[in-house]
Amino acid sequence: MNVLYLVSMIGYIVLAPIFGLVLAGLDRKVSARMQRRVGPPVVQPYYDVRKLMEKDQVTVNKVQDFYVFCFLLFIVITGCIFFAGGDLLLVVFTLTLANVFLVLAAYSSNSPYSQVGAERELYQMMAYEPMVLLTMIGFYLAVGSFNVSDILNGDKMPIVTMVGIFVGFLFILTIKFRKSPFDLSMSHHAHQDIVKGVTTEFSGRTLAYVEIAHWYENIMLLGIVFLFFCNGTWWGYVIGVVVAAVSFFLETFIDNSFARMKWQVALKSSWVVSILFGLINVALLIWVF
Amino acid sequence: MSYSTKSPWIIHYDGSSCNGCDIEVLACLTPMYDLERFGIVNTGNPKHADILLITGSINEQNRDVVKQIYEQMPEPKVVVAIGICATSGGVFKKCYNILGGVDKVIPVDIYVPGCAARPEAIIDGVVKALRILEEKSKALHNKGGKVQ
């Protein structure tokens with residue numbers, strides 16, 4: 001059994017960027033079609049990263065590159081823990097640590113854009129962190145274990161008793177995927193009120209690392225969506241993969257349908273959703289189910 | 001093959017343009033012409049950009065700004081002067097405050113004249129700039145050591 005988890009971990013390291021870049025490419029393509037444009041080729045994110053690798057690097061200070069590399073490293077470690085069937089709480093804490101490195105990287109330069117971006121990134125973390133924790137607690141209450149391997153082979157589908165938590169998780173997924181209306185700190189779209197937010201001062205290879213980390217992170221988050229539908233049978237896995245794909249394109253749809261909101265709205269709405277759907281569902285899991 | 005030509009990101013700076021050429025630059029990015037087909041993204045950030053599009057001529061006020069944007073862009077980079085004002089100063093050439101075209105302060109690779117330059121002409125200019133970008137990218141790699 002342990003060998004299987006090792007294989008899935010290595011599979012994640014190798015395959016996640018490939019799936020991630022295709023998803024990112026499809027996202028751009030679908031967005032373009034929604035705006036009646038032709039859009040770039042699906043492998044455009046790959047071209048972008050290769051170009052950034054080729055480019056000369058302008059670094060504000062040395063420590064910035066180190067922070068961004070740590071961001072990439074800890075995102076990969078997060079995914080490895082998840083795909084090796086590890087502890088979900090550990091996944092959350094490592095993910096938070098990774099994001100802290102990104103914030104530090106943004107803070108390490110004096111540019112007002114990246115400073116404001118870093119502050120907004122912190123607000124976003126405040127917004128989504130409670131719901132992420134509630135999701136993990138929900139998994140424990142529904143299945144009886146924090147381990148991904150136990151949830152994967154559990155005898156009942158977590159979604160049955162976790163519908164509210166699933167809705168709440170989809171809500172904060174918008175923040176995690178950096179989609180409108182909550183793409184405050186860094187947007188994938190061209191112009192923003194704070195230029196490129198967190199990544200304004202990154203260039204060349206450093207920016208490529210951020211993009212690759214984003215691919216890894218997306219696959220890991222879709223893995224959590226997948227986990228809601230696991231009951232140890234093959235059709236549970238099929239439903240999981242389908243719902244994960246649908247939820248990704250739902251986020252693309254939301255991205256194109258909403259304008260960017262202020263950080264106050266992001267914080268308030270995500271906390272309201274966390275309490276309304278997450279906390280009530282957790283209470284139900286404790287006392288009813 | 002250089003990947004620079006597959007994903008050229010642009011930054012657009014309005015020197016002292018009348019906004020005629022600026023509107024045409026933005027028109028290139030709209031669904032009608034859709035430059036994103038070629039991976040072209042308007043970044044608005046010199047550190048992410050490969051191509052600098054400048055509209056309008058250079059005057060005393062924006063001389064340092066243009067120089068600074070150019071210096072902040074990482075190699076390889078190309079400059080496209082759009083519109084007759086950016087090319088030579090146009091009708092404003094002899095104004096007391098106008099220094100002339102963009103080439104008075106930074107090296108320009110492609111000139112796209114016109115008043116205002118049509119989107120087709122701008123796209124043609126950018127495509128020509130891509131060829132120069134590829135050459136510069138190759139030259140940079142042959143020099144070695146500078147880029148990993």
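A compact table of results
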item: Top-ranked residue of region A:47-77 - restricted to ones that are more than 9 Å from chain B (Cβ to nearest Cβ) and aromatic (Phe, Trp, Tyr), ranked as farthest from residue A:199 (Cα to Cα); result: A:74
item: Selected residue (criterion: farthest from residue B:10 (Cα to Cα)) from residues of region B:44-65 that are among the β-branched types (Val, Ile, Thr) and surrounded by 20 or more Cβ atoms within 10 Å (Cβ to Cβ); result: B:58
item: Some residue of region A:86-94 being charged (D, E, K, R), assigned to a helix (DSSP H, G or I) and over 30 Å from residue B:45 (Cα atoms); result: no
item: Meets criteria (surrounded by fewer than 20 Cβ atoms within 10 Å (Cβ to Cβ) and either of a type outside the set (Phe, Trp, Tyr) or on the phi < 0 side of the Ramachandran plot (or both)) for residue A:195; result: no
item: Top-ranked residue in region A:27-45 [being part of a helix (DSSP H, G or I) and more than 7 Å from chain B (Cβ to nearest Cβ); ranked as nearest to residue A:207 (Cα to Cα)]; result: A:45
item: Residue pairs meeting the criteria (Cβ under 9 Å; at least 6 apart or on separate chains; first among the hydroxyl-bearing types (Ser, Thr, Tyr), in region B:25-47; second part of a loop (DSSP other than H, G, I, E, B) and modelled with pLDDT under 85); result: B:43/A:190; B:43/A:191; B:43/A:195; B:43/A:196
item: Out of A:123, A:113, A:67, A:107, sole residue that is over 24 Å from residue A:267 (Cβ atoms), more than 13 Å from the chain's Cα centre (by Cα) and of a type in the set (Phe, Trp, Tyr); result: A:67
item: Some residue of region A:81-97 being in contact (Cβ under 8 Å) with a residue 12 or more places away in the chain, under 23 Å from residue A:205 (Cα atoms) and among the aliphatic types (A, V, I, L, M); result: yes
item: Test for residue B:134: is it of a type outside the set (S, T, N, Q), surrounded by fewer than 16 Cβ atoms within 10 Å (Cβ to Cβ), within 14 Å of another protein chain (Cβ to nearest Cβ) and under 30 Å from residue A:205 (Cβ atoms); result: no
item: Within region A:68-99, tally of residues that are surrounded by fewer than 19 Cβ atoms within 10 Å (Cβ to Cβ), of a type in the set (Phe, Trp, Tyr) and within 15 Å of residue A:214 (Cα to Cα); result: 1
item: Residue satisfying all of: in region B:1-32; more than 9 Å from chain A (Cβ to nearest Cβ) and in a strand (DSSP E or B); surrounded by the fewest Cβ atoms within 10 Å (Cβ to Cβ) among these; result: B:14
item: Residue check, residue B:35 modelled with pLDDT under 90, crowded, with 20+ Cβ neighbours inside 10 Å and more than 8 Å from chain A (Cβ to nearest Cβ); result: yes
item: Residue in region A:100-154 that is surrounded by the most Cβ atoms within 10 Å (Cβ to Cβ), counting only those that are closer than 24 Å to residue A:278 by Cβ and acidic (Asp, Glu); result: A:121
item: Checklist (1) farther than 14 Å from residue B:13 by Cα; (2) touching a residue at least 40 places away in the same chain (Cβ under 8 Å); (3) not basic (Lys, Arg) applied to residue B:84, failing item; result: (2)
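Here is a yes/no grid of residues against (1) crowded, with 23+ Cβ neighbours inside 10 Å; (2) modelled with pLDDT of 90 or more; (3) more than 18 Å from the chain's Cα centre (by Cα):
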position	(1), (2), (3)
A:183	yes, no, no
A:190	no, no, yes
A:217	yes, yes, no
A:244	no, yes, no
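For every residue, the table says whether it meets (1) surrounded by fewer than 20 Cβ atoms within 10 Å (Cβ to Cβ); (2) among the hydrophobic types (A, V, I, L, M, F, W, C).
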position: A:2; (1), (2): yes, no
position: A:20; (1), (2): no, no
position: A:40; (1), (2): no, no
position: A:43; (1), (2): yes, yes
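The values are calculated or read from the model by the stated rules, or taken from the named source; none is laboratory data. For clarity, every value in this text was computed on a predicted model and none was experimentally measured. FYI the Cβ positions are ideal-geometry reconstructions off the backbone, even for glycines, and counts take in every protein chain you see.
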